[in-house]
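Down below is the structure, laid out as structure tokens.
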Amino acid sequence: MHSRLLPPSLALLLTACASVPNTSSHAPRVTPPARLDAAAANDAAITGTDRWWTAWGDPALDALIEKSLEVNADIRAAKAHVAAARALVTVAESALYPTVAANGTAWASQSDAGLDDKWQAMLPSLSGNSGSGYLVGLGATWEADLFGGSHADAEMARALSESAARTADAVRLMVAADVVENYQQLQGLRRRLAVLDRSEATAGRLVDYAAARQRTGAATAADVTRARNGLEALRASRPALTSLIDARRRRLAVLAGDLPEQAPAMIASATFETPGAPTGQLPSDILARRPDVAARSWLVNARAARLKSLKADLLPRFAIHFLGQNGHIELGGLPGYGGTGGLVGLSASMPLFNAGRLQARVKAGDAELEAALANYDQAMLSALEEVESAYGFRTGLDERLAGLIRTSDMARRRADQLAILYDAGRTQLGDVLQARLDALSDEDKMEQTRIAQGTATVQLYRALGGGW
């Protein structure tokens, strides 16, 4: 048995009845500049790499980052989100194909209940109730995507999958940057601790010298107290410094998937140096490389596809159905019967009244797309701001470090000159020791600036989207 197909005129009529609300046109409002303001960004470009952290030239750092990228919990979670998003792509794309289902059933029954004498005389063959049978079938349904709703759903799922993948890239970038930042700070704190050791030793000598001069009457108790105050001030700075070192070690352990208590020993690297600022970056290249900006761009595509799908819900839906069955039934006392049957049909549906629900969903989808575009614009603006600021911080710290290096060199030369004068008997040992302490203080300021410079460099690489 076959059903009669709907006439084409009905499809045209349903389409004509559809009412799709007007929606605004959408486009990003931010146009990237042709160049960056930072002067360093417009020099000759240097060759980059996806493994951008190798610019620090430290094998121990490379190994730590590779381990962190493999086992870090945030990265594992991001990978799982990507896997889930890709699975949903298959779910969405399945709507483009027919749905086929097989079904079957079989039964047998037996009953001792019989008819009463009157009916048994009329139907003696039914005095014992028994029966058996089976029924198997195959059904299929396919909805013709005439207005692109299902294709839009699949497109949205693919865009969300790409957005999740770019978000995972952003997490990888953040983890790698976090490792480099804490590692370089650990190295800087280690250097500061070495400077503190030398400063305490020099201050101790100054205290001993002042005490010896007091015993000979050449110095007062105030001179000794001043020297001891300087030594105690240096000693008081040690706990804070060691606490910072321990905090960096624990952070590196957690980033590498270990317990904080399993923090590695303080890694001393003799070759660790902050690389120069990367140059030759164009705004368009930066925005294309930034994973967070790319994720926002894919979300715009997803919202645009969703809006198309919501509009398609207002239009007619057509589906083709097929049902084929084969079966046989036997009842006690009656001849068995069975056979094969099939049904092919075309269905159509058109929303006529839903209290404005579908139109409201279209308007909501239109607003969501506009919000996604605004977020994309903001992501581009923030990315460009971060790059400009990071270049500015790095340039300022480069200049400060250059000045401190000159100051430290002069302080060391002064201490050396006083030592020569002391050997010639033309000055006192206290002057030499105080000059050494002043030089060590300048060296500590220089190391602090190096730490800040390294942090600014990591922020710059992160702002640039990693390697290239």
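In this structure, does residue 307 turn out to be more than 23 Å from the chain's Cα centre (by Cα) and open to solvent by 70 Å² or more (accessible area, probe 1.4 Å)? Walk me through how you get there before you give the answer.
On the way: more than 23 Å from the chain's Cα centre (by Cα): yes; open to solvent by 70 Å² or more (accessible area, probe 1.4 Å): no.
In short, no.
Just to be sure before I move on: is residue 258 under 24 Å from the mean Cα position of the chain (by Cα), in a loop (DSSP other than H, G, I, E, B) and among the charged types (D, E, K, R) in the structure I sent? Yes; evaluated as a whole, the condition is true for this residue.
Quick check on this structure: which one of 251, 228 is within 28 Å of residue 456 (Cα to Cα), open to solvent by 50 Å² or more (accessible area, probe 1.4 Å) and either within 31 Å of the chain's Cα centre (by Cα) or at pLDDT 95 or above (or both)? First the steps, then the outcome.
On the way: 228 fails: within 28 Å of residue 456 (Cα to Cα).
Sole residue among the options that is within 28 Å of residue 456 (Cα to Cα), open to solvent by 50 Å² or more (accessible area, probe 1.4 Å) and either within 31 Å of the chain's Cα centre (by Cα) or at pLDDT 95 or above (or both): 251.
Given the conditions (1) in contact with a helix residue (DSSP H, G or I) (Cβ under 7 Å, 6 or more places away or on another chain); (2) open to solvent by 10 Å² or more (accessible area, probe 1.4 Å), and given that residue 159 satisfies all but one, which numbered condition is not satisfied? The failed condition is (2). Among the residues making up region 50-105, those that are in a helix (DSSP H, G or I), under 19 Å from residue 155 (Cβ atoms) and of a type in the set (Ser, Thr, Tyr) are 90, 94.
Any idea which of 107, 53 is within 27 Å of residue 282 (Cα to Cα) and at pLDDT 55 or above?
Numbers: 107 fails: within 27 Å of residue 282 (Cα to Cα).
Result of the check over 107, 53: 53.
Every condition in (1) surrounded by 13 or more Cβ atoms within 10 Å (Cβ to Cβ); (2) closer than 30 Å to residue 138 by Cβ holds for residue 339 except the one numbered (1).
The values are calculated or read from the model by the stated rules, or taken from the named source; none is laboratory data. Note that the structure is predicted; figures quoted are calculated from it, not measured. Every residue, glycine among them, receives a Cβ derived from its backbone with ideal geometry; neighbour counts consider all protein chains shown. Areas reflect the complete protein model, heavy atoms only, side chains present, ligands, DNA and RNA absent. Shrake-Rupley method; radii C 1.70, N 1.55, O 1.52, S 1.80 Å.
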